[in-house]
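Worksheet: the structure to be examined is printed underneath.
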Amino acid sequence: MNKAFHILSAQNGFAAILVLAAILLGFMAPKAAVNVDEQLHYPHAKKVVNWYFTLGEDRSCLDTPKSNLKYYGQSVDNLTALINRVFSIENEFLLRHYAGAFFFWLLLLFSGMIARKVTGSYQVATITVLTLLLMPRLFGQAFGNLKDIPFATGYTAGVFMIIKFLKEMPRPRWRTAVFLGLAIAFTVSVRAGGFILFGYLALCIFTFLFWKPFYLNSVSTKPVFVRLTGQVTVILFIGYFAGLLFWPFALQNVFSHPLESLNLMEHYSVNIRQIFEGELTWSAQLPWYYVPKWLLISTPEFIMVGLLFSLFFVVREFIDRKYSCENCLYTIFILFVFVFPVVYVIAIGSNLYSGIRQMLFVLPFVGILAAIGIWKFVKWLAGNNKKLFFPSITILIALAFLPVKHQAATFPAGYVYFNSISGGNKKAWSNYEYDYYFHGIKQPADYLINLAGNDDIKVVMNCNLTNYFSTYPNIEVGYSRYLERSSTDWDYAIFGINYIHPHLLKNYKWQTTEVIKTFYHKGNPLAVVLKRVDKNDFYGIEAVEKGNFTEGQELIKSSLQNNLNNVWLYVQLAKANLLAGNASEFKKYLNEGKTIHPFYEPLFMLEAQYYYNEGQYVKSMNILKELVEINPLYPNAQALKNDIENKKLH
């Protein structure tokens, strides 16, 4: 009776935490920020939906030479576009954020069910839900990230169904086989990487038969063999083909295109500059330990302690029970589905960026392992060392409070989290990629909308989040890089402190007197709002472009007096004097620009061009070599190098 009551109470606790999580997610979804990827994938999702509505006549969703979006199944993005279209929902991003919240809730559910299935304890399931909510890098992307969160949900559901399938061996139920196939299909429909679940299933079946060879006699009997073969066939059929139903590119060739997509995802061709360990590096050139390092610096201490406990107890139990501990093997499987993808992307040299975003699907298993470790540690303390029980629980609660406090204070940019072991957010700013999803733009946008009132204004941003101003016809929105803002016509500007060289950030040389409001995140500048005093810089650059060098320089110099750190203006002055043939003034502004930003590519390009014009090809080539070291992919550098080589040949 007591045992039944205990189980029922624990089960109610699991249900209660899921209900509370649902309420929390429902409350937060309308307040969540739109991220930059939403402005890429959602318009594509609309094209996908139109492909179906026009019976394939509108093929724009298949023409994505730059974005590669056709290679994504992105079924959840497509589903939200379909619902918005059918029901004419006005606030399209709100529906998307509720959809994200729903799939994150499913992620909590399946993660808890895995913990329950492996340990037999609803207490562990409850702790698992808490660990996932205490992972800012995961929970912080619950709303707008409709690629990685749903993929993590499908991956987790697939692993749960595989464990369920194995526990029912040698005669799994047909319902289990069908749901396993559907879980794989959903995961594939989001991203082709879901095919990995087929490999996990095969590995688990062979491991099961190796571990329990006496089942071979049962499996080898005709009824069981035929049943099992039929079930595996159904899993393969549903998992593969059902996953392609909402994916136009895959439907063009159901056998080659999904595999083509998988290959592209493993070696993604898009190269993005990232700040990592204080250096600005192209993502294809990041070191092999990029993902492990990010896991180390962005996982809360509470989770890391639990993970260590889990590893300790599984090894001890596995050895003590002479390798016959069934639950230990399932725990090892959980560890495997966490570790293997990380090792795999390192081994094949995948192009990864934006922290651990592309590897979010392994984080639920970190949470599950941590929950198992904490549960076993608490049980061990209760039975073996009661004196340390309450102090240890107090420490664990204190550690768990750290990410709670962070997320409460930083929403909607709570995903930007670095643990105290790494030095925290303060140390990470300017050393690691910070708000790569531009969640920090939401508050500045709201601020500027209120500031503008009914006035007609021009606004530029260094991101694509024009959605914040879509219902304000008096606000015209454009794009500009932060450093090149003087070349664009605007009255106000909102800039996320992203893609700015660490040298400028560390030495405060990114700042400008045009800033009227700075938005902070854990004491670090996250975004700024600028107000233009005059447009002399813009008109001056425009004059230089038209060949009016004297007029242009005067305007630029007048603007420079109030913006001494505006390195782009030094570039323009150097350029004007280079075109006008004034070598001394050219060198003056070139050197002044390098004093502010010694790694700024346009300055090196101008210097190389100057020596090329002077016929000093060796010096020009040496400058280009310096430029390539700073930025191997800088445009026009190769063209000038080729011209120099041709000059040498002739």
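The values are calculated or read from the model by the stated rules, or taken from the named source; none is laboratory data. Every value quoted in this text rests on a predicted model; they were computed, and no experiment measured them. Note that we place each Cβ from the backbone using ideal geometry, even for glycine, and neighbour counts take in every protein chain shown. Please note that ligands, DNA and RNA were not included when accessible areas were found on the heavy atoms of the full protein model with its side chains. Shrake-Rupley method; radii C 1.70, N 1.55, O 1.52, S 1.80 Å.
Results, tabulated for the structure shown:
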{"item": "Using alpha-carbon coordinates, inclination of helix 389-410 to the longest axis of the chain, degrees", "result": "40"}
{"item": "Residue-averaged 222 nm ellipticity for the chain, from DSSP H runs of 4+ at -39500 (n - 2.57), nearest 500", "result": "-20000 deg cm²/dmol"}
{"item": "Cα-Cα pairs of the stretch 439-531 separated by more than 17 Å (percent)", "result": "45"}
{"item": "0 to 90° range, to nearest 10: angle between helix 363-384 axis and the chain longest Cα axis", "result": "50"}
{"item": "Net lengthening on full extension, VAL628/PHE214 (0.36 nm per residue, minus Cα-Cα)", "result": "142.7 nm"}
{"item": "Lys/Arg +1, Asp/Glu -1 at C-beta; the stretch 242-393 dipole; positive extreme among PHE389, TRP288, VAL254", "result": "PHE389"}
{"item": "Mean accessible surface per residue for the chain, computed with a 1.4 Å probe while every protein chain stays in place, in Å²", "result": "44"}
{"item": "Label-point separation, LYS587 to GLU279 (7 Å along Cα→Cβ), nm", "result": "3.2"}
{"item": "Extension gain from ARG173 to LEU388, taking 0.36 nm per residue of separation minus the Cα-Cα distance", "result": "72.8 nm"}
{"item": "Carbon + sulfur, % of accessible area of the chain - ligands and nucleic acids excluded, 1.4 Å", "result": "61"}
{"item": "Using alpha-carbon coordinates, inclination of helix 2-28 to the longest axis of the chain, degrees", "result": "20"}
{"item": "Selected from ASN462, PHE418, LEU448, residue furthest toward positive end of dipole (the stretch 412-469; charges at beta carbon)", "result": "PHE418"}
{"item": "By average C-beta atoms within 10 angstrom, highest first, the peptides 355-366, 445-456, 265-276", "result": "355-366, 265-276, 445-456"}
{"item": "Gained length - PHE53 relative to ASN253, 0.36 nm times residue gap less alpha-carbon distance", "result": "70.0 nm"}
{"item": "Taking only Cα atoms of the stretch 506-567, radius of gyration then Dmax in Å", "result": "14.4, 47"}
{"item": "Angstrom value of the Kirkwood radius, inverse mean 1/r, which spans all Cα pairs in the chain", "result": "27.6"}
{"item": "Ordering of 347-354, 185-192 by burial proxy (mean other Cβ atoms within 10 Å per residue, highest first)", "result": "185-192, 347-354"}
